[in-house]
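Student: Quick one: structure below, then a few questions.
The values are calculated or read from the model by the stated rules, or taken from the named source; none is laboratory data. Quantities reported herein were computed from a predicted structural model and do not represent experimental measurements. Neighbour counts are summed over all protein chains in view; Cβ atoms, including those assigned to glycine, are modelled from backbone coordinates with ideal geometry.
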Amino acid sequence: MKSRVKSKRIRIKSYSIMLLVILAGLGSTGLFLIKHHTDNRQMREAANNFIHILENKEYEKLGDVLEKQSYTSVDYTLEDVKDKYDAIFNGMNIDNIQASEITFEKINDNEQEISFRLNFTTPLGSLDNLAYQTKIIKTDGHYRVKWDPSLIFPGMEGKDKVIFHQWKAERGEIKDHLGNGLAINEEFKEAGIVPKDLSQGNEEEKKLQKISQQFDISVEELRQKLDQNWVKDDLFVPLKVIESNEAEVIPGISYRTTKLRYYPLKEAAAHLIGYVGKATKEDLEKKTYLTEGDVIGKAGLERALDKELRGEDGGEILIVDENGKEKKEIQTLKKVDGKTIKLTIDNYIQMEAFKHLKGKAGSTVVMEPKEGGLYAAVSSPSFDPNKMVQGISQQDYDKYANDENKPFISRFATGYAPGSTFKAITSSIGLDAKVTYSNKLRKINGLSWQKDKTWGGYSVTRVSDVQNVDMRKALIYSDNIYFAQEALEMGEKTFRNGLRQFIFGEKLDLPIAMNAAQVSNKPTFESEILLADTAYGQGELLISPIQQAAMYTVFQNEGKVVYPRLLVEKGEWKTKSAISSSTANEMKDCLEEVVNDPNGTAHLLYNQRFQLAAKTGTAEIKMQQGEKGDENSFLLAFDAGDDQFLLLSLVEHYTAGSSATQLNKSFIAELYEYFQIR
């Protein structure tokens, strides 16, 4: 009995020992598996941390993930590594860094190989699928990334550098239809001071005084420039850009050549062509494709056509050795110079149109009436755009800004009540509506008229007391009362339907900022007085000189409006039927009489050598009936023989002797002569 019990105890003990052995074995395997899993996780975590640092450019954290021996063995300190990444990726504005295709391959228990690809955006565009490879190794109980310069850019080694050469696109030029420059790239001299060239004591003071007089810069301002933080004895301190032929030998002054935008027509085309300048902080925020120092269009066509004119910068990113010898091309992009843009503008006509305004506030537009090309679009007074590019002084800018005639306004694109020139449109609508006809007489007495007592104290006035008035006489004498009565007889519906055939409310296909022409502030006149006033070019009409010129092309085109064009390459011109051809031809004859008849308001322009048609206009701006208001003078004039040109001129604040007709008389004669010899 005892032996069986003992035997049983021995078997139980044996089983216990075996179980313990089995459990011990299982425990060591489990611990191994846990440890293996932990190592893998830590390796991947080290790799992911490194990639996260690269993607987010958090180079200050590199010390947490890099194996020290790896970078010190290639003669780098941790600070060297951080600075290298920072100089290349931040210095070159490399962004949108993204990793992909991350793979791991085990080498042994303490090492794994990691491969990945990086995509990012450089100043030259997208750079995709750059292949990187390194090892994750265990040192001092931690997993670290084995680093060498190829982890900046594949192919880098030792003390290699990455350099970026930018090839700036040359801005395209703007030319007139004959190829004359309106905005060109020109070499200038930039005057400056190298401080060491200035002697000490009295001699330095004398030189500064001479420089001050020569360049119209106060000595105080000169000293401020020389006292800037960056200035050193051997550095060039720029003062002023001047034309190359103005560079004189002046003690203490050095010159360097610089290329700048130049506007040969200066004030004559400033509003149309505009000017360029360096991109501001606000520009950089709005247009992400710009970089600091970029020159962009700031006004006029330079701004409207900036994308085409600027072109596309190019460049190359290279790996070079520590001596600067090229080793590998990383990325290259060919530069594309800006496009040269040819305008319909005629350089001579633009200059002469501006000159004949004699500095008065106003505008002149000259148009080729058959195809719509603008020969001139002038605004006066003006400013010199070259000063804006070369660096305008505060004194000069203040002079422009404080001028009551507002020289920065583009008057050719500003809406005005057109005055009596608009009677030609009213006549045309009346003729087509069979309300107006050339020999229809209206008996009008006196210089003022009102429809009835409901008009209260308001009346329409005229200049000449002509009793029996037909359409031709009304145009010759510019009779407001006649056209007011014609519009009332037509009624608002007929009159507005006629106006809709023109370009009211339309946005013109021109690179010029301009509100659409309007008939009235509201969809209906809401009063007969406003209908009557609109008929002779007042009321709430707002039409820019360019829009007026386009509307009046109907008389040279069998009743079709020819839309204005400014770019030669635009191809075929656009037209729109507005009035019948018979009405257009009749109106053309009538407008010739306005010039030929001794009583015509445009008779001042009569010249037996020319077949000219014209209509003058005056739009009075006043607060209430009876008071004397400020007057704007208008002139519509066109070649009725060969249809070579159409002119629309405006003079604000008209005074005796300075009407649009008086200022443009000799200019019109010059136009005829110019077209004969061109």
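Student: Among the helices (runs of 4 or more DSSP H) lying completely within the stretch 417-535, list those that include at least 2 residues that are out of contact with any strand residue (DSSP E or B) (no Cβ under 7 Å at 6 or more places or on another chain) and of a type in the set (Asp, Glu). Walk me through it before giving the result.
Tutor: On the way: elements: 423-432, 471-477, 480-490, 492-500, 528-535.
Of the helices (runs of 4 or more DSSP H) lying wholly inside the stretch 417-535, those with at least 2 residues that are out of contact with any strand residue (DSSP E or B) (no Cβ under 7 Å at 6 or more places or on another chain) and of a type in the set (Asp, Glu) span 480-490, 528-535.
Student: From Leu591, Leu635, which residue is in contact (Cβ under 8 Å) with a residue 60 or more places away in the chain, surrounded by 13 or more Cβ atoms within 10 Å (Cβ to Cβ) and in contact with a Ser or Thr (Cβ under 8 Å, 6 or more places away or on another chain)?
Tutor: After applying the criteria, what remains is Leu635.
Quick grid of which residues meet (1) touching a residue at least 24 places away in the same chain (Cβ under 8 Å); (2) more than 30 Å from Ala413 (Cβ to Cβ):
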| position | (1), (2) |
| --- | --- |
| Gln224 | no, yes |
| Asp234 | yes, yes |
| Ile253 | yes, yes |
| Ala268 | yes, no |
| Val295 | yes, no |
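Student: If you don't mind, there's one more thing I want to ask. Take the stretch 100-128 and flag every residue that is within 15 Å of Glu45 (Cα to Cα), touching a Lys or Arg at 6+ places or on another chain (Cβ under 8 Å) and aliphatic (A, V, I, L, M).
Tutor: Across the stretch 100-128, the qualifying residue is only Ile114.
Student: Can you find a residue that is in contact with a strand residue (DSSP E or B) (Cβ under 8 Å, 6 or more places away or on another chain), closer than 27 Å to Ile242 by Cβ, surrounded by 14 or more Cβ atoms within 10 Å (Cβ to Cβ) and of a type outside the set (D, E, K, R) anywhere in the stretch 349-363?
Tutor: Taking every residue of the stretch 349-363 in turn, at least one turns out to be in contact with a strand residue (DSSP E or B) (Cβ under 8 Å, 6 or more places away or on another chain), closer than 27 Å to Ile242 by Cβ, surrounded by 14 or more Cβ atoms within 10 Å (Cβ to Cβ) and of a type outside the set (D, E, K, R).
Student: If I ask for residues that are surrounded by 15 or more Cβ atoms within 10 Å (Cβ to Cβ) and in a loop (DSSP other than H, G, I, E, B), which ones from the stretch 407-416 would you list?
Tutor: Restricting attention to the stretch 407-416, the residues satisfying the condition of being surrounded by 15 or more Cβ atoms within 10 Å (Cβ to Cβ) are 407, 409-416.
Listed by number, the residues that qualify are Pro407, Ile409, Ser410, Thr414, Gly415.
Student: Please count how many residues of the stretch 324-333 are in contact (Cβ under 8 Å) with a residue 60 or more places away in the chain, under 21 Å from Phe120 (Cα atoms) and surrounded by fewer than 14 Cβ atoms within 10 Å (Cβ to Cβ).
Tutor: 1
Student: Anything in the stretch 114-155 that is outside any strand (DSSP E or B) and either under 30 Å from Thr291 (Cβ atoms) or in contact with a helix residue (DSSP H, G or I) (Cβ under 7 Å, 6 or more places away or on another chain) (or both)? List them, or say none. Write out each step before concluding.
Tutor: Step one: of the stretch 114-155, the residues outside any strand (DSSP E or B) are 123-124, 140-141, 146-155.
Correct list: Pro123, Leu124, Lys146, Trp147, Asp148, Pro149, Ser150, Leu151, Ile152, Phe153, Pro154, Gly155.
Student: Going by what's in this entry, would Phe164 be described as touching a strand residue (DSSP E or B) at 6+ places or on another chain (Cβ under 9 Å), under 25 Å from Phe50 (Cβ atoms) and not assigned by TED's automatic domain parsing to the domain that holds Phe50?
Tutor: On the way: touching a strand residue (DSSP E or B) at 6+ places or on another chain (Cβ under 9 Å): yes; under 25 Å from Phe50 (Cβ atoms): yes; not assigned by TED's automatic domain parsing to the domain that holds Phe50: yes.
Yes.
Student: Any residue at all in the stretch 257-271 that's crowded, with 17+ Cβ neighbours inside 10 Å and of a type in the set (Val, Ile, Thr)?
Tutor: no
Student: If you take the residues of the stretch 23-56 that are charged (D, E, K, R) and surrounded by 15 or more Cβ atoms within 10 Å (Cβ to Cβ), which of them is modelled with the highest pLDDT? Let's see the steps before the verdict.
Tutor: Quick first cut of the stretch 23-56, residues charged (D, E, K, R) only: 35, 39, 41, 44-45, 55.
After this cut, where a residue has to be surrounded by 15 or more Cβ atoms within 10 Å (Cβ to Cβ) as well, the list is 39, 44.
Numbers: Asp39: 67, Arg44: 87.
The selected residue is Arg44.
Student: Ok, one more. Restricting the search to the stretch 373-402, which residues are part of a helix (DSSP H, G or I) and either in contact (Cβ under 8 Å) with a residue 12 or more places away in the chain or touching a helix residue (DSSP H, G or I) at 6+ places or on another chain (Cβ under 9 Å) (or both)?
Tutor: Just the residues of the stretch 373-402 that are part of a helix (DSSP H, G or I), to begin with: 385-390, 394-401.
Result: Pro385, Asn386, Lys387, Met388, Val389, Gln390, Asp396, Tyr397, Tyr400.
Student: Could you check, for the stretch 546-553, whether at least one of its residues is in contact (Cβ under 8 Å) with a residue 24 or more places away in the chain, assigned to a helix (DSSP H, G or I), among the β-branched types (Val, Ile, Thr) and within 16 Å of Leu646 (Cα to Cα)? Give the steps one after another, and end with the answer.
Tutor: Residues of the stretch 546-553 in contact (Cβ under 8 Å) with a residue 24 or more places away in the chain: 546-553.
Now narrow it down to the ones that are assigned to a helix (DSSP H, G or I): 546-553.
Next cut, among the β-branched types (Val, Ile, Thr) only: 546, 553.
Those left that are additionally within 16 Å of Leu646 (Cα to Cα): 546, 553.
Within the stretch 546-553 (the criterion being in contact (Cβ under 8 Å) with a residue 24 or more places away in the chain, assigned to a helix (DSSP H, G or I), among the β-branched types (Val, Ile, Thr) and within 16 Å of Leu646 (Cα to Cα)), the answer is yes, since at least one residue qualifies.
Student: Now, a different point. Is the stretch 502-524 home to any residue that is in contact with a Gly (Cβ under 6 Å, 6 or more places away or on another chain), aliphatic (A, V, I, L, M) and in the same structural domain as Trp573 (by TED's automatic domain parsing)?
Tutor: yes
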